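These notes concern the structure reproduced below.
The values are calculated or read from the model by the stated rules, or taken from the named source; none is laboratory data. All values derive from a computational prediction rather than experimental measurement. Every residue, glycine among them, receives a Cβ derived from its backbone with ideal geometry; neighbour counts consider all protein chains shown.
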């Protein structure tokens, strides 16, 4: 007996954006890092663009698929790196979901790409840090790094927000008959 799964436009969009985010994730994994866990977070720009254009559900899929598939492709699946990345992504997606819901529920209260970028980066770093502290390195000395890591996350969140805003501006000013994807 044969079963066919019906795919929707959203399925194709999620797959395409996830593939782009995975590609960037893999490229970023090859970059040297001044501190463990510090990467530019450019793959998160894809998630922010999807959030702003298509909503939280699609952004969550893109983010979580990026972590899962990216870790399989670079060989870190079920390693400490995977769990740290997954914790960061889950924290980020959760915060983005809350901000998205609030900004759509309260008239006049909006969160833009900059706000999403900063909040996502801070949540991602917090998720990673606390899993690292609670599971892998439960040493009080690690806590001294937290302010530095959060500062770096805020700076990288600003960069992500600026990049997201720039891309969205260009997409929104493109001719209406062009495909935004």
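Once region 21-36 is narrowed to residues that are surrounded by 18 or more Cβ atoms within 10 Å (Cβ to Cβ) and under 14 Å from the mean Cα position of the chain (by Cα), the residue that is farthest from residue 114 (Cα to Cα) is 22. If you filter region 38-53 down to residues that are surrounded by fewer than 19 Cβ atoms within 10 Å (Cβ to Cβ) and assigned to a helix (DSSP H, G or I), you find that the one that is modelled with the highest pLDDT is 53. Tell me whether region 127-146 contains one or more residues that are surrounded by 12 or more Cβ atoms within 10 Å (Cβ to Cβ), touching a helix residue (DSSP H, G or I) at 6+ places or on another chain (Cβ under 9 Å) and within 30 Å of residue 9 (Cβ to Cβ). No: region 127-146 contains no residue that is surrounded by 12 or more Cβ atoms within 10 Å (Cβ to Cβ), touching a helix residue (DSSP H, G or I) at 6+ places or on another chain (Cβ under 9 Å) and within 30 Å of residue 9 (Cβ to Cβ). Scanning region 8-19 for residues that are more than 16 Å from residue 89 (Cβ to Cβ) and surrounded by 10 or more Cβ atoms within 10 Å (Cβ to Cβ) yields 10, 11, 12, 13, 15, 16, 19.
Number of residues in region 54-67 that are surrounded by fewer than 23 Cβ atoms within 10 Å (Cβ to Cβ) and touching a helix residue (DSSP H, G or I) at 6+ places or on another chain (Cβ under 8 Å) equals 8.
With 69, 111 as the choices, which residue is under 30 Å from residue 169 (Cβ atoms) and at pLDDT 95 or above? Selected residue: 69, the only one of 69, 111 that is under 30 Å from residue 169 (Cβ atoms) and at pLDDT 95 or above. If you go through region 5-24 one residue at a time, do you hit one that is in a helix (DSSP H, G or I) and closer than 16 Å to residue 156 by Cα? Within region 5-24 (the criterion being in a helix (DSSP H, G or I) and closer than 16 Å to residue 156 by Cα), the answer is yes, since at least one residue qualifies. Region 68-181 holds helices (runs of 4 or more DSSP H) entirely within its bounds, and those carrying 3 or more residues that are farther than 21 Å from residue 33 by Cα and over 20 Å from the mean Cα position of the chain (by Cα) map to 146-173.
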